[in-house]
Amino acid sequence: MAFNPSFLPISIIDEEHRGIHRAVVSLMESILLGSGAAKVLESATNVQQLTLQHFKHEEALLGELRFQRLKEHKEDHNKVASVLERIIGELESKDSSAALRSLREYRKLLLVHLQQEDEQYRDDVNRYAAEHGISPLPPRIRHTIPEE
Ligand SMILES: [Fe+2]
Ligand SMILES: [Fe+2]
């Protein structure tokens, strides 16, 4: 998939990051509050779809920029996506305590990815934005990475 900045603004990357994080928090709440299995699964599928769509957009943008660490970046995306896959499986087999554990792991991996890996392309993206006369990436909102 080619990234077309006139069709998809660069700010989408930041909006997607926020959207995924909101969806993760809402899934966590839904599990903790003991929502029905169907609702929890729907919420988890939403997190998965948002995440995978975002990875696709971001990888297309990084491909367009010829980002040097694209291969490693994709590998990290795949690692994050595989935890989501596991969470869906755990929810399908109604193991909500395992799903909650995996979700905490997912959130931590995601935050580390956003704050370390996704920061590495900022200069390249902003150079590209300047060359194309489009707005740069807004500064990242920092979340505390959970210990454990
Ligand atoms: Fe990324
Ligand atoms: Fe990202």
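Quick note: the coordinates plus some simple rules give every number you see, no bench work behind them. Here the structure is a predicted model, which is why all the values come from computation and not from measurement.
Counting only pairs 8 or more places apart or on different chains, how many lysine pairs in the chain have C-alpha atoms closer than 22 Å?
9
For Glu119 and Leu33, compute 0.36 nm times the residue count separating them, minus their Cα-Cα distance, and round to one decimal in nm.
So the extension gain works out to 27.6 nm.
So if I take the centroid of the Cα atoms in the range 32-50 and the same for the range 70-119, what is the distance between those two points in Å?
15 Å
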